[in-house]
Structures are given as C-alpha cells and as structure tokens.
Amino acid sequence: MALTPDLESVPIIGSRDKIVSWDPVVVLIDKPKGLTSFDVIRRLRRISPIRKIGHAGTLDPMATGLLICLAGKATRLMNHFMGQTKVYTGVIRLGETTPSYDAETEVSVRKDASAIEMKEIEAALPQFVGDITQQTPVYSAVKIGGERLYKKARRGEKVVLPFRHVTIYRFDITSKQGADVGFEVECSSGTYIRSLAHELGQTLGVGGHLVALRREASGALLASNAWKLEALLEFQTSLAHES
C-alpha cells in the first residue's frame, strides 16, 4: 500500500518559488477566467516530466483564484486540501435569475430590483450563516445515474436533486452598485456559492445570480501568493531552456 507523504515534507510552490522537483510538489495557481480546472492541469502537464497531476477542488470556468494543484505523491494529500475552509469574494446581480444560478446560462426571469436597499440585504443574511442544507444545482458536475447533472439539464431531463450539508462561517456584503452586490463568504468545503446567490435573490423576492467569483483562500493558502498560470508556464519553460 502506497504511503501518504508527510505534509510538512512536501514543497508548496507559490509565486516567488521555482519548481525544483515535480514529485512530490503542491503548486498554487491563480486560475484565470475562462479556463476549466482541468485545463490548468493540462497546461501544467506540458511543462512537467510526470503526468500524475490533479487539483484539490474545482473552480468553474467563470471563476478565478486559488487552485491547489498536486503532483506525484502529493496527490495523496488531495483530501487534506479539499477539506480546508474556503474564502470567496464575488458579485451577485439581483433582479435576474438563470437556470445555472450563474452567468453561464441565459437570464430566464427578470424583476425590478431597484427598490432593494442594503439594509434589506443585510437583514436576509443571518439565515444563510451556520450549518445549512443546500440543494445541488441542476447545472453541476455531480453524477446521477453515472452521468453528470449538467448533461441531463441540457437535455431538459427532470431529476431529483441531491442535498448536501455545509457550514457558512461568514457571509458579508462588501458593496452595492445598482443591482450588483459584492460579497465575501467563508465556508466549508463543498459549498455552492452560486446557490447562495440564487437563494439570497429568492429571499429578497427579485431573484439573483452569480456574475463574478474568486477563491481567495483555502485554509492558510492565499490566492495572492499563487502563480499566475501563464507566468509560471513561461518561467518554468525558460528554466528548461537554460539547463
């Protein structure tokens, strides 16, 4: 049976570090908007001598921020990193509802949100803090009957959506510009932030969806200390050419 490496013995590579060895190593990437999490893994494999690379927690294509990538024996630490508390910032647009709860699908319902004030939003937040139950969004990668939910959704197939229990430690409003509400959330692993956006909009009676999301932290690891993906690819490629 393969042994899990000691966490303290595995290098964690941030934006000021170079990758000396790919096995084992943890690489902190600031994922750009538009790429899937697996797109990031594919690009890292181009500069790595090994194929065994994974990540500890998916970010949707529209999201940016911290993606913890693990290579070699470090992949055995995946559950450790996936279980860490996460911090997200983002923007919820009130008055518009989408089937996916984010900007990846077209707006299906519009309502006037101009009368919603900051005090109403803040008054609605306590019900979303603490131990809560979330229904899995129909546009998600969760598998039902061996198939991803989003594939069933695209066909218009009706399914019974599973629930999950999560913990929201903080849900703070940081700004409001028109219908766009900035927020910061600290939460347990497995939380659907777009579900929070949808449910807040429903509670306020006008609907809402997520238009921007950034993972700022996972445990003590910060997006601000992570490599920009293209910068890391260029840096490691230049090192290879020098050697």
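All of the numbers you see were taken from the coordinates with simple rules; none came from a lab. Everything numeric in this text was worked out from a predicted model, so none of it was measured. All Cβ positions, glycine included, derive from the backbone under ideal geometry; neighbour counts span all protein chains shown.
Calculated [222 nm] ellipticity per residue, helices only, for the chain: -6500 deg cm²/dmol; basis is -39500 (n - 2.57) per DSSP H run with n ≥ 4, divided by all residues, nearest 500.
Centre-to-centre, using Cα atoms only, the stretch 125-186 and the stretch 187-243 are separated by 15 Å. Tell me, what is the percent relative contact order of the stretch 86-218, built from C-alpha pairs under 8 Å that lie six or more residues apart? Reported relative contact order: 43 percent.
If the elastic network links every pair of Cα atoms under 10 Å, which of R154, R214, R45 fluctuates the most in the Gaussian network model of the chain? Highest fluctuation among the options: R154. Once you list every other residue whose beta carbon is under 12 Å from the beta carbon of S224, what net charge do they have if Lys and Arg are +1 and Asp and Glu are -1? In short, +2.
Rounded, prolate or oblate for the stretch 86-218? Axes are the square roots of the Cα gyration tensor eigenvalues, ordered a ≥ b ≥ c, and the cut-off for rounded is a/c under 1.5. Don't skip to the answer; put the middle values down first.
Details: a/c = 1.93, a/b = 1.30, b/c = 1.48.
Here the stretch 86-218 falls in the oblate category.
Against the chain, whose longest principal axis is taken from its Cα atoms, helix 37-47 shows a tilt of about 20°.
For the stretch 23-83, what D do you get in µm² per second when you plug the Kirkwood radius from alpha-carbon pairs into Stokes-Einstein at 25 °C and 0.890 mPa s?
Values: Rh = 11.5 Å.
Translational diffusion coefficient: 214 µm²/s.
Which angle from 0 to 90°, rounded to the nearest 10, does the C-alpha axis of helix 229-242 make with the longest principal axis of the chain? So the inclination is approximately 10 degrees. With angles folded into 0 to 90 degrees, how steeply does helix 193-203 sit against the dominant principal axis of the chain? Use alpha carbons for both and round to 10. For 193-203 against the chain, the angle is about 10 degrees. Sequence-ordered 3J(HN,Hα) estimates for the stretch 104-121 from the Karplus curve with 6.51, -1.76 and 1.60 and θ = phi - 60° stand at 7, 10, 5, 5, 9, 9, 10, 9, 6, 10, 5, 8, 6, 9, 4, 5, 5, 5 Hz, glycine and proline given as x. Over the stretch 2-160, Cα pairs under 8 Å with separation of 6+ residues give a relative contact order of 16 percent.
For the stretch 34-74, give the magnitude of the charge dipole about the Cα centre (Cβ charges: +1 Lys/Arg, -1 Asp/Glu; no others), in debye to the nearest 20.
Working: 7 positive and 2 negative charges, 69 e Å.
Dipole size: approximately 340 debye.
Based on the Stokes-Einstein relation at 10 °C and a viscosity of 1.306 mPa s, and on the Kirkwood radius from alpha carbon pairs, the chain is assigned a translational diffusion coefficient of 82 µm²/s.
Between the stretch 67-90 and the stretch 102-117, the C-alpha centres lie 33 angstrom from each other.
Give, rounded to the nearest 20 debye, the magnitude of the charge dipole that the stretch 86-218 has about its Cα centre when Lys and Arg contribute +1 at Cβ and Asp and Glu contribute -1 at Cβ.
Numbers: 18 positive and 17 negative charges, 135 e Å.
With Lys and Arg at +1 and Asp and Glu at -1, about 640 debye.
Over 29 Å apart at the Cα level, from the set K31/K152; K31/K151; K73/K158; K119/K158; K18/K143; K31/K52, are K73/K158; K119/K158; K18/K143. Per-residue 3J(HN,Hα) values for the stretch 150-167, derived from phi via the Karplus relation 6.51 cos²θ - 1.76 cosθ + 1.60 with θ = phi - 60°, read 5, 5, 5, 4, 5, 8, x, 6, 8, 9, 7, 7, x, 10, 9, 9, 9, 10 Hz in sequence order (x marks Gly and Pro). Rounded, prolate or oblate for the stretch 155-243? Axes are the square roots of the Cα gyration tensor eigenvalues, ordered a ≥ b ≥ c, and the cut-off for rounded is a/c under 1.5. The shape class here is prolate. Note on T58/Q202: beta-carbon distance plugged into 1/(1 + (r/R0)^6) with R0 of 25 Å gives a FRET efficiency of 0.50. Approximating the spin labels as points 7 Å out from Cα along Cα→Cβ, the Q177-to-M78 distance works out to 3.8 nm. Checking every one of the GluC sites (Glu not before Pro) in the stretch 75-159 against DSSP loop status and a limit of 10 other Cβ atoms within 10 Å picks out E106, E117. Amide H contacts of E96 (H built 1.01 Å from N, in plane; Pro and chain starts excluded): K111, G208, H209 sit under 5 Å, all sequence-distant by 5 or more or on other chains.
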